[in-house]
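The values are calculated or read from the model by the stated rules, or taken from the named source; none is laboratory data. For clarity, every value in this text was computed on a predicted model and none was experimentally measured. Virtual Cβ from ideal backbone geometry, glycine too; neighbours counted across all protein chains shown.
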């Protein structure tokens, strides 16, 4: 059954990718950054800056990406194939982790059943198919998060030797995002519940493990006077002050409150549905299941690891993101499994009923069929979606028209308030086509990514 879930998941992640590949300015920026180090012949010590210019990712993603580009070439699809491999690996690892966790808490057959249902859910979930096709570095959460859960589970069961490895894997996440920071609350709470088994040296080993994957980032930050750490330490109370109204400039007004709720709806709704018009049904489903789960299992919170993790991680991450206000969808990635965990829990709880088996099977069939029809529809595309084939035609025109002369480009369209007008996808394609971009050039092309894409040429004499 796990093979079937993998095959269906791969089909939906690959389906129509040649005509629906989301090659955005963000992906172009990743490839340009990697090429900078390929050309210099060195590996980066830090990753690219996040949306906060003072905060950089760790370098691990680029240590993986750079050799792949050297081996397989410059195609923009290299990011998609890497994302696909990572996502498939994540499904397999999730299956293995939860078959062991649930097996230890019930029976081997129930553990396997739970893991199979969970693997089908994340293989067919619109959100995780969409994220895989976006091909961003955040997909590594799909591999690392279940491993973190497994190590925390081991520590919960007094196998304290895993505390160092928990630190290592949690530290690795900083190469892919910083949204996992609220999960520190869950880890600390688990340590406190199992405090009689954990000694001071074990806490130190966790911290050492946390530092090791980020040593190059910390060294770079130290050489510059620790601006990243200082800003990060100040940023958290700044967000809290804005949420509470102590800092009015960042206060949560009515508009911000609505956009924050909308962000939560985007995440929970897209777990089940492709069409954004009915995401509210997915959000309501999650809320009902989660409240029911808490009512049923509240007395097991400090006794049952699965109950503890599901409740603690969901509440910690959601409160943190509500305080943050209007979080992008990838900020939810530390709890990306939680909807599927709830679904699998209740499906297994009532599995002896024939109606449950029929309903679960029907849901998965509908999710697969909806994926086939949903991919590429007007209600599943982002506002900045421009087919790669269209981008390539624009680039071919500019490179041919410039006749080998250097030129510069400007982009007008969605997200053009980001650095370089969010045009790095075009700049990368120009680079691999042999075009030369020079910001001081008198030859300039303006790309309008509004509806139908078109280009205007300006040349100063």
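Here are the numbers:
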item: Residues being closer than 25 Å to residue 75 by Cβ and surrounded by fewer than 14 Cβ atoms within 10 Å (Cβ to Cβ) - total across the stretch 35-59; result: 6
item: Count of the stretch 231-251 residues which are loosely packed, with under 13 Cβ neighbours inside 10 Å and either touching a helix residue (DSSP H, G or I) at 6+ places or on another chain (Cβ under 9 Å) or modelled with pLDDT under 65 (or both); result: 5
item: Hits in the stretch 186-229 (condition: farther than 23 Å from residue 50 by Cα and touching a residue at least 60 places away in the same chain (Cβ under 8 Å)); result: 186, 189, 190, 193
item: Residue match in the stretch 54-65 (condition: part of a loop (DSSP other than H, G, I, E, B), more than 23 Å from residue 233 (Cα to Cα) and either touching a strand residue (DSSP E or B) at 6+ places or on another chain (Cβ under 8 Å) or modelled with pLDDT of 90 or more (or both)); result: no
item: Matching residues in the stretch 60-76 - criterion: being under 18 Å from the mean Cα position of the chain (by Cα) and either surrounded by fewer than 17 Cβ atoms within 10 Å (Cβ to Cβ) or under 11 Å from residue 34 (Cα atoms) (or both); result: 61, 62, 64, 65
item: Residue within the stretch 160-171 that is on the phi < 0 side of the Ramachandran plot, more than 28 Å from the chain's Cα centre (by Cα) and either outside the structural domain of residue 306 (by TED's automatic domain parsing) or part of a helix (DSSP H, G or I) (or both) present; result: yes
item: Meets criteria (within 30 Å of residue 99 (Cβ to Cβ) and at pLDDT 90 or above) for residue 365; result: yes
item: Among (1) touching a residue at least 60 places away in the same chain (Cβ under 8 Å); (2) surrounded by 15 or more Cβ atoms within 10 Å (Cβ to Cβ); (3) on the phi < 0 side of the Ramachandran plot - the single one residue 372 does not satisfy; result: (2)
item: Residues of the stretch 295-334 classified as without any contact (Cβ under 8 Å) to a residue 12 or more places away in the chain, within 23 Å of the chain's Cα centre (by Cα) and either part of a loop (DSSP other than H, G, I, E, B) or on the phi > 0 side of the Ramachandran plot (or both), total; result: 0
item: Residue match in the stretch 23-30 (condition: assigned to a loop (DSSP other than H, G, I, E, B) and in the same structural domain as residue 96 (by TED's automatic domain parsing)); result: yes
